[in-house]
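The values are calculated or read from the model by the stated rules, or taken from the named source; none is laboratory data. Every value quoted in this text rests on a predicted model; they were computed, and no experiment measured them. Cβ atoms come from the backbone with ideal geometry, glycine included; neighbour counts cover every protein chain shown.
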Amino acid sequence: MMNLPSEIFGNVMVVHTPEELAGDAAEEFERYLPTLERANVVLDVDNTETLDSAGLTALLNVQDALAERGGQIKISANNATNRKILEITRLDQQIEVFQSVIDAVKSFQ
C-alpha cells in the first residue's frame, strides 16, 4: 500500500505526490487517495518528476471519488515543468492549481 507524506490542516489534508505519477504508481495512487480520512485534499506535485497520461487520469479519477464524499482536490505546483504539463493538458481548467500549498489550503475556507 502506498504511503505518502502528508499533513493535516483542519478539514484539509496536504499530500505530497510520489516521484513517479505514471503507470502502476498512478493506479496505486488512485486507489490510495480516496481512503484518506479527509475528502478535501491539496496535492503538492513539486517532487513528482514523471507525470504521464496515466497520472493525469488518476488525478481526475481521484477528484471524482472525493467529490462523491463531498470533497475536492486542489493542486499546488511551484515546479515550472509540472505547471506546464497541467496547462498543456488543460488539467488546470478542471482542477484548481495554486503556486503554494498555503494558498491551496486557504482556498478551502
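Across the stretch 61-69, a minimum of one residue is classified as at pLDDT 95 or above and within 16 Å of MET2 (Cα to Cα). Looking across the stretch 72-109 at every residue that is among the polar types (S, T, N, Q) and assigned to a loop (DSSP other than H, G, I, E, B), the one that is modelled with the lowest pLDDT is identified as GLN109. Could you tell me whether the stretch 32-55 includes any residue that is out of contact with any helix residue (DSSP H, G or I) (no Cβ under 8 Å at 6 or more places or on another chain) and small (Gly, Ala, Ser)? The answer is yes, given that some residue of the stretch 32-55 is out of contact with any helix residue (DSSP H, G or I) (no Cβ under 8 Å at 6 or more places or on another chain) and small (Gly, Ala, Ser).
Give the residues of the stretch 39-55 that are crowded, with 20+ Cβ neighbours inside 10 Å and of a type in the set (Asp, Glu), sorted by residue number. Matches in the stretch 39-55: ASP44 only. For the stretch 77-84, the criterion of being among the hydrophobic types (A, V, I, L, M, F, W, C) and under 13 Å from the mean Cα position of the chain (by Cα) is met by at least one residue. Of the candidates ALA54, ALA67, the single residue that is in a helix (DSSP H, G or I), touching a residue at least 12 places away in the same chain (Cβ under 8 Å) and out of contact with any Lys or Arg (no Cβ under 9 Å at 6 or more places or on another chain) is ALA54.
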